[in-house]
Structures are given as C-alpha cells and as structure tokens.
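Report on the following structure.
The values are calculated or read from the model by the stated rules, or taken from the named source; none is laboratory data. Keep in mind that this is a model prediction, so the values were computed, not measured. Here the Cβ is made from the backbone with ideal geometry for all residues, glycine too, and neighbour counts use every protein chain on show. Heads up: the accessible areas ignore ligands, DNA and RNA and are worked out on the full protein's heavy atoms, side chains in. Shrake-Rupley method; radii C 1.70, N 1.55, O 1.52, S 1.80 Å.
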Amino acid sequence: MSAMVIDGKAAAAQVLEQVSAEVAQLNQAGVQPALAVILVGQDPASEVYVRNKVLRAGECGIRSLEHRLPASTGEAELLGLIHSLNRDPGVHGILLQLPLPAHIEETRALQAISPAKDVDGFHAENVGGLHQGRDVLTPCTPTGCLHLLHQALGELRGKHAVVIGRSNIVGKPMAALLLEADCSVTVLHSRSRDAAELCRQADIVVAAVGRPCMVDASWLKPGAVVVDVGINRIEEHGRSRLVGDVDFASASAVAGAITPVPGGVGPMTIAFLMHNTVRAARQQSRAPKEAACLSIS
Ligand code: GUN
C-alpha cells in the first residue's frame, strides 16, 4: 500500500484565504487586526519562526508589531511590555516566542498575557477551557493537526488516536482536542512501556517527540492516518536535511495517509496563528469592555 500524502501547504493556503477574507470584513467595520510578536534573545530557529509569522501576517492583512529584546532582558521588563500590550486596544494578539532565556520563568511570562489576546492558547485560563470543552483560543500546532485529520478522515468520532509526546505545546493539547472530537486517546511518552505495540492499535497517530524517524512501518496498523509534527535536522552523507519523527519512506508503505516533513504540519501552525489572531480581534471588537477588563493584571 502507498499512503496518500496530506498536503499541509495547500490546506494552510485555504485557511489563510479565509483569514484574509475575515480581515477584509473587519477592516470594513473599522477594525485592523494586529499581532504583537515578542522575541527575547537570538535563538536561530526562533528567528526563522518569527520572520515567517510576521511575513504571513502581512500577506493576510494583519498588522504585526515586532518586539525584539536582548537575551539579557530582565523578567520585570518583559512583564512590563506584556502588560502594556494587554492594555493597548490596537493589539489583538500577543505571541511570546519560546524558548525564553533560562533566567525568565516561562509560566509567569505566559500567564501575564491576557487570555483574550493569548493567540497561542498557552494561558492556564485557555488550557483549562480546552479541557472543559469551552470554545477558547487553542494552541496553533495541534489545532492545525486536527484540521488535517478532519480533512483526511472526515468524522473522527470513535477512532483510536495515539499521541506520541506530552509537551504543553503539542502533545497535551492535541490529546485534549482529540478527546473533544470523541476519539479514544492514548498518550505515549518516554516512560511508556510497549509503545510500538500500543501505537499499532491506533487509527490515528500524531508524533510529536522530537526524535528523528522514531516511528516506522512496524509501529503502524495498515491504513492508519499519520500526522508528523517533528522537525529534526540530521546530517546524512555529509549533507543536512529535515526529517520528522516518522520514517516517511517506511511508514508510507503501511499508512493510509501521512503528512510529509517539510510541507505537512509546519505551514498549518502559522495559518492557525493567523486564524486565532483574527478570532481574537473579532471577539475584542464585539466586546471591547470585556477584553479591557481581562487585560488588567
Ligand atoms: N516555540 C516553538 N513552537 C512555538 C509555538 O507554537 N508558540 C510559541 N510562542 N513559541 C514556540
């Protein structure tokens, strides 16, 4: 069997087209959606991600405000910037690029962002809301994965989904979103026993562990739909290339459908960041008083 390759670029382009149309509608109502992006330090991967986020925002008509701070920035200064962005009615979304330098407490910084402007869905209010089944801003990468799964499979109800990885950014919210979609969910992690055997029972596999080519054909039930969140740079024959957490060549001989790396999940993350920004702008322009209240911390 040869798996259908799920085209994340095409799916992201569709989402971004819809986002652009919503931006135009908001413009007509006098609202200019705006996203503030904060980068502390000069992590090379974060630099690339931030550049792409700002570029994509511009393409769909979202104003972006870049705040690049030196790695030596103190936590109080960062929190001061976040509080001022919370109070600014012209800013609808705030993205704090991770990882942060070690001297800044990540949770404290993320908790400082107003839940109404938390386009990453990392604030405890939004994390809790997701687990309660409330309609809140949800993390961009797992939301993008869910979108791809709906495109590939339609209804997800009753499917057995295995999520490999338990990070706050992908694994945990992915499991919560799949549960909300009425899947039976198993989360595998570094301490799981018989991981490959458990994975072989899955209709859906989402791999988000950061280990190159860990999942191969021997981990998969024939016909399983595989979403690969991993982006790992490896050296091979003296050349560097990007691979996922799934061994694509091996897995695609058994899977029913599979996302490639690159061109699978990656473009969806940015598309859903734009989607969340427009959603936040819409909600804040409907309820400006409520948004202002939430921003006071
Ligand atoms: N670093 C890696 N992924 C992400 C993400 O989705 N959001 C933020 N803010 N930082 C990240």
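Overall form of the chain: prolate. Here a/c, set by the Cα gyration tensor axes a ≥ b ≥ c, is 1.5 or more, and a/b is the larger of a/b and b/c. Seen from residue 68, the other residues with C-beta closer than 15 Å to its C-beta sum to a net charge of -2, counting Lys and Arg as +1 and Asp and Glu as -1.
Each residue, residue 286 and residue 211, gets one label point 7 Å from its Cα in the Cβ direction; the gap between the two is 4.4 nm.
Peptide packing: for 208-215, 80-87, the average count of neighbouring Cβ atoms within 10 Å per residue gives the ranking 208-215, 80-87, highest mean first. Measuring with a 1.4 angstrom probe and ignoring ligands and nucleic acids, residue 134 comes out at about 110 Å² accessible. Site pair residue 13 and residue 153 shows an inter-label distance of 2.7 nm when each label is modelled 7 Å from Cα along Cα→Cβ.
Among the listed pairs 53/117; 172/221; 9/53, those with a Cα-Cα distance over 21 Å are 172/221. In a fully extended conformation the segment linking residue 71 and residue 4 would gain 19.8 nm over its present Cα-Cα distance, using 0.36 nm per residue. Assuming a ≥ b ≥ c are the square roots of the Cα gyration tensor eigenvalues, decide whether the stretch 1-155 counts as rounded (a/c under 1.5), prolate (otherwise, with a/b larger than b/c) or oblate. Prolate, since a/c reaches 1.5 and a/b exceeds b/c.
Anisotropy class assigned to the stretch 12-71 is oblate, per the alpha carbon gyration tensor with a/c at or over the 1.5 cut-off and a/b no larger than b/c. Here the simple spin-label model places points 7 Å from the Cα toward Cβ, and for residue 180 and residue 24 these points are separated by 2.9 nm.
For the stretch 102-124, list residues with backbone N below 17 Å from a point placed 7 Å from the Cα of residue 83 toward its Cβ? Within reach of a label on residue 83: 105, 108-115. Under 5 Å between amide hydrogens, built in the peptide plane, is the criterion, and for residue 205 it picks out 162, 225, 226, 227 among residues at least 5 positions away or on other chains.
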